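What follows is a single structure, written as structure tokens, with notes after it.
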Amino acid sequence: MMKKIASLLLLLAVALPLFAQLHEPVKFSVSQKKLSDTEMEIVFTGTIAPGWHVYSTDIPDGGPTPASINFDEQQGVEPIGTLVAKGNIHKAFDELFGMEVSYMETQAVFVQKMRITAASYAVKGYLNYGACNDENCLPPTDVEFSFSGTGQAVKAQSPVVVEAKRNSDVGSNSSEKEMEEEHVAVIGGADAATTILVADSSVSASAMAMVGGTKAVEATDYWTPVIDELAAFGEEASNAASQAWWKIFLLGFLGGLVALLTPCVWPIIPMTVSFFLKRSGDKRKGVRDAATYGVSIVVIYVLLGLVITGIFGASALNALSTNAVFNIFFCLLLLVFAASFFGAFEITLPSSWSNAVDSKATATTGLLSIFLMAFTLALVSFSCTGPIIGFLLVEVSTSGSILAPTIGMLGFAIALALPFTLFAMFPAWLKTMPKSGNWMNCVKVTLGFLELAFALKFLSVADLAYGWHILDREVFLSLWIVIFALLGAYLIGWLRFPHDEDEYDEAGNVTRRTSVTRFFMAMFSFAFAIYMVPGLWGAPLKAISAFSPPMNTQDFSLYENEVKPHFLDYDAGMEYARREGKPVLVDFTGYGCVNCRKMELAVWSDQKVADIMQDDYVLISLYVDDKTKLPEPVKVVENGQERTLRTVGDRWSYLQRSKFGANAQPFYVLLDNEGRPLNGAYSYDEDVNKYVGFLQTGLKNYKDR
């Protein structure tokens, strides 16, 4: 057994570095070169792996990521010109992007010349570059730098307005074309400056704080906090997470019930209960010991939830839930567990751990002895409970609540501990327990298929957050259809795995009979696979809206009732609403937000809701887990601490917290076109009539104003 575990760990130890190397084909070093007392250069030198190339600075719009330099801090220094690519630069027509591009192979060198304007200087920022090979591309990558030094002060040059292009898939209406070019501007008071993207032409005239002494206009009003005004409508803006606590508890409880039926836990129940009853010789004391055992299980798993939260914190868990490396790692981990459940190998914690705890339990007495026995159960059952606990912790991490992991573990532990107490109180029930047998392996294999399905879900989250488009909706559905069709084939008896045992009839012959329970489970699995087939052509599939990628990732769709956001940028949408004289519906959502997908397919798909949202409101959807880099990082002060906003998602998450006092998704708020609330906030609730009332109340209040 230890050899198997050692082999698995060795495999992971070898595979993970290889995985990292595949995704780090370029390594950059950064240095500063002093040219004189008034000039210096920042030099980026990159070593490129064979088969890969780094793109230069002069890439046309719609092409790969060009190299660019971004400054977080400039003190006593200013750039001279733009970033320059040096070395052996190739030009060729790129079939992947359909344009001529310039790039470097083997080695990439970029130089930014700087003018020193003070006796001492400090500069900080990062290089952003793109790299591809003949098959795929890396997401845009940053190389940070920080330099300081001394020089001779010279007169600084006039500031330059930085321009940035933005391409957003925001639906096919007339407002899209008006929003093609956008400028970077800084808004906010002394406590919180925020970079915004606003429209060009007529919109930019009223939204952008101009450089060179022109008066800053009213764009700051859009970010003014309205937490008290929301509360005045009788709705707590920050209660979205607490409303889902009972669902988190239920999810954990169901996970505990499933864990009970696995081969790692079920056979232990009668042995443990019998031990307590026989050891005490007194039924009342035996019941008390068994209850103590159950409470110890609850304490152990709740402590696990507290430790997870204490180490990471709610915000870190929420960030991890859309982090590419984390989601890919968890996807691979689930695949490993699925293979184990299918019988390819067995994963257990080192037996020395459980033996050591068990010996301590034997050597001690009283409550400590019972607690150590419960801890032994947790270690021995890890191979079955580990995947369930891991999935539970990752799922609840997106709730935004610091108590979510603890509540989930509480539900899991209560379900796991309940039978030990109940069977001790009513020992006659032990005779009615189903005996261990082939049915338990069936449960384990079924869990293996579910692990496969959820592994794709975690990969999909990373795919959406980073815009890779390798697991779009129809690809995801195709894989799920195959998985659940194969699950049905297993349950009906057409597939068999290594640990499946032959069953014999009374004459001793191998029987191929399918139990009634497995027949109904197979029927539902086949039906579920067939149910998903129309989704390949755009059917909403509300039953799996929480897990599948959103409809907008579908390449081909016959479904025409999809509600699409008018804007993906808050300030641009607010400016458009002001010009058109319409109220605004702001939708704080996320690519990894399960309840957001449920609301979109269960509520937004209603014809009355869709008509109001599309015709009477300007719909602005803000993805808080969008990993797209901002043109420049923005420093803000929040709760007395300075934070740096680097991605589009960081920006929208900060807006939700600072303006509305909330941090969970989905979160819907109705605003007039000056940024003031029209109604209380609305979170997850699939009641269509309630949502219609929410929208209509906002319209009425807007007209009254």
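The values are calculated or read from the model by the stated rules, or taken from the named source; none is laboratory data. Since the structure is predicted, the reported quantities are computational estimates derived from the model, not experimental observations. Every residue, glycine as well, gets a Cβ built from its backbone with ideal geometry; the counts of neighbours run over all protein chains shown.
Does at least one position in the range 642-653 carry a residue that is assigned to a loop (DSSP other than H, G, I, E, B), in contact with a strand residue (DSSP E or B) (Cβ under 8 Å, 6 or more places away or on another chain) and not small (Gly, Ala, Ser)?
Within the range 642-653, none of the residues are assigned to a loop (DSSP other than H, G, I, E, B), in contact with a strand residue (DSSP E or B) (Cβ under 8 Å, 6 or more places away or on another chain) and not small (Gly, Ala, Ser).
Exactly one of these conditions fails for Ser621: (1) among the polar types (S, T, N, Q); (2) touching a strand residue (DSSP E or B) at 6+ places or on another chain (Cβ under 9 Å); (3) not in a strand (DSSP E or B). Give me its number.
In the conditions (1) among the polar types (S, T, N, Q); (2) touching a strand residue (DSSP E or B) at 6+ places or on another chain (Cβ under 9 Å); (3) not in a strand (DSSP E or B), Ser621 misses (3) alone.
Checking Ser102 against (1) within 30 Å of Ser36 (Cα to Cα); (2) of a type in the set (Gly, Ala, Ser); (3) over 32 Å from the mean Cα position of the chain (by Cα), which single condition isn't satisfied?
If we test Ser102 against (1) within 30 Å of Ser36 (Cα to Cα); (2) of a type in the set (Gly, Ala, Ser); (3) over 32 Å from the mean Cα position of the chain (by Cα), just (1) comes out false.
Of the conditions (1) of a type outside the set (Asp, Glu); (2) modelled with pLDDT of 80 or more; (3) closer than 27 Å to Arg288 by Cβ, Leu377 satisfies every one except a single condition; which number is it?
(2)
Can you tell which of Leu655, Leu678 is surrounded by 20 or more Cβ atoms within 10 Å (Cβ to Cβ), modelled with pLDDT of 90 or more, in the same structural domain as Lys582 (by TED's automatic domain parsing) and over 25 Å from the mean Cα position of the chain (by Cα)?
It is Leu678.
Report the residue count in the range 34-72 for those that are assigned to a strand (DSSP E or B) and in contact (Cβ under 8 Å) with a residue 60 or more places away in the chain.
Result for the range 34-72: 18.
Please determine whether any residue of the range 604-612 is under 22 Å from Gly649 (Cβ atoms) and touching a residue at least 60 places away in the same chain (Cβ under 8 Å).
No, that holds for no residue.
Scan the range 99-136 for residues that are assigned to a loop (DSSP other than H, G, I, E, B), buried (at least 16 other Cβ atoms within 10 Å of the Cβ) and in contact (Cβ under 8 Å) with a residue 60 or more places away in the chain and jot them down.
Gly130
Is one or more of the residues making up the range 463-484 closer than 20 Å to Ser381 by Cβ, modelled with pLDDT of 85 or more and within 33 Å of the chain's Cα centre (by Cα)?
no
(1) more than 27 Å from Phe660 (Cα to Cα); (2) buried (at least 18 other Cβ atoms within 10 Å of the Cβ); (3) over 26 Å from the mean Cα position of the chain (by Cα): which one isn't true of Phe524, the others all being true?
Going through (1) more than 27 Å from Phe660 (Cα to Cα); (2) buried (at least 18 other Cβ atoms within 10 Å of the Cβ); (3) over 26 Å from the mean Cα position of the chain (by Cα) one by one, Phe524 breaks only (2).
Give all pairs with beta carbons closer than 7 Å in which a residue from the range 671-698 that is within 23 Å of Arg578 (Cβ to Cβ) meets a residue that is hydroxyl-bearing (Ser, Thr, Tyr) and in a loop (DSSP other than H, G, I, E, B); count only pairs at least 6 apart in sequence or on separate chains.
Note: pairs meeting the criteria are Gly675/Thr224.
Based on this model, can you work out whether Val637 counts as more than 18 Å from Pro550 (Cβ to Cβ), touching a strand residue (DSSP E or B) at 6+ places or on another chain (Cβ under 9 Å) and surrounded by fewer than 24 Cβ atoms within 10 Å (Cβ to Cβ)?
Spelling it out, Val637 is indeed more than 18 Å from Pro550 (Cβ to Cβ), touching a strand residue (DSSP E or B) at 6+ places or on another chain (Cβ under 9 Å) and surrounded by fewer than 24 Cβ atoms within 10 Å (Cβ to Cβ).
Tell me which of these Ser460 doesn't satisfy, since it passes every other one: (1) surrounded by fewer than 18 Cβ atoms within 10 Å (Cβ to Cβ); (2) among the small types (Gly, Ala, Ser); (3) touching a residue at least 40 places away in the same chain (Cβ under 8 Å).
Of the numbered conditions (1) surrounded by fewer than 18 Cβ atoms within 10 Å (Cβ to Cβ); (2) among the small types (Gly, Ala, Ser); (3) touching a residue at least 40 places away in the same chain (Cβ under 8 Å), the odd one out for Ser460 is (1).
Within the range 83-98, work out how many residues are assigned to a strand (DSSP E or B) and closer than 17 Å to Val143 by Cβ.
Of the residues in that region, 4 qualify.
Out of all the residues in the range 611-630, is one or more among the basic types (Lys, Arg), under 27 Å from the mean Cα position of the chain (by Cα) and either closer than 22 Å to Asn70 by Cα or not assigned by TED's automatic domain parsing to the domain that holds Val143 (or both)?
Within the range 611-630, one or more residues are among the basic types (Lys, Arg), under 27 Å from the mean Cα position of the chain (by Cα) and either closer than 22 Å to Asn70 by Cα or not assigned by TED's automatic domain parsing to the domain that holds Val143 (or both).
Kindly establish whether Glu600 is part of a helix (DSSP H, G or I), buried (at least 22 other Cβ atoms within 10 Å of the Cβ), modelled with pLDDT of 85 or more and under 27 Å from the mean Cα position of the chain (by Cα).
Against the criterion (part of a helix (DSSP H, G or I), buried (at least 22 other Cβ atoms within 10 Å of the Cβ), modelled with pLDDT of 85 or more and under 27 Å from the mean Cα position of the chain (by Cα)), Glu600 qualifies.
Among the listed residues Asp650, Asp616, Asp626, identify the single one that is out of contact with any Ser or Thr (no Cβ under 7 Å at 6 or more places or on another chain) and under 30 Å from Phe454 (Cα atoms).
Just one listed residue meets the conditions, Asp650.
Please determine, by comparing only the residues of the range 411-441 that are assigned to a helix (DSSP H, G or I), of a type outside the set (S, T, N, Q) and over 42 Å from the mean Cα position of the chain (by Cα), which one is farthest from Gly343 (Cα to Cα).
In this case the residue turns out to be Met425.
Only one residue in Pro140, Pro159, Pro79 is modelled with pLDDT under 75 and either under 28 Å from Asp37 (Cβ atoms) or assigned by TED's automatic domain parsing to the domain that holds Ser56 (or both). Which one?
Pro159
Do we have any residue at all in the range 455-466 that's in a helix (DSSP H, G or I) and β-branched (Val, Ile, Thr)?
Checked the range 455-466: at least one residue is in a helix (DSSP H, G or I) and β-branched (Val, Ile, Thr).
Of the numbered conditions (1) in the same structural domain as Asp704 (by TED's automatic domain parsing); (2) in a helix (DSSP H, G or I); (3) within 24 Å of the chain's Cα centre (by Cα), Gly573 satisfies every one except a single condition; which is it?
Every listed condition holds for Gly573 apart from (3).
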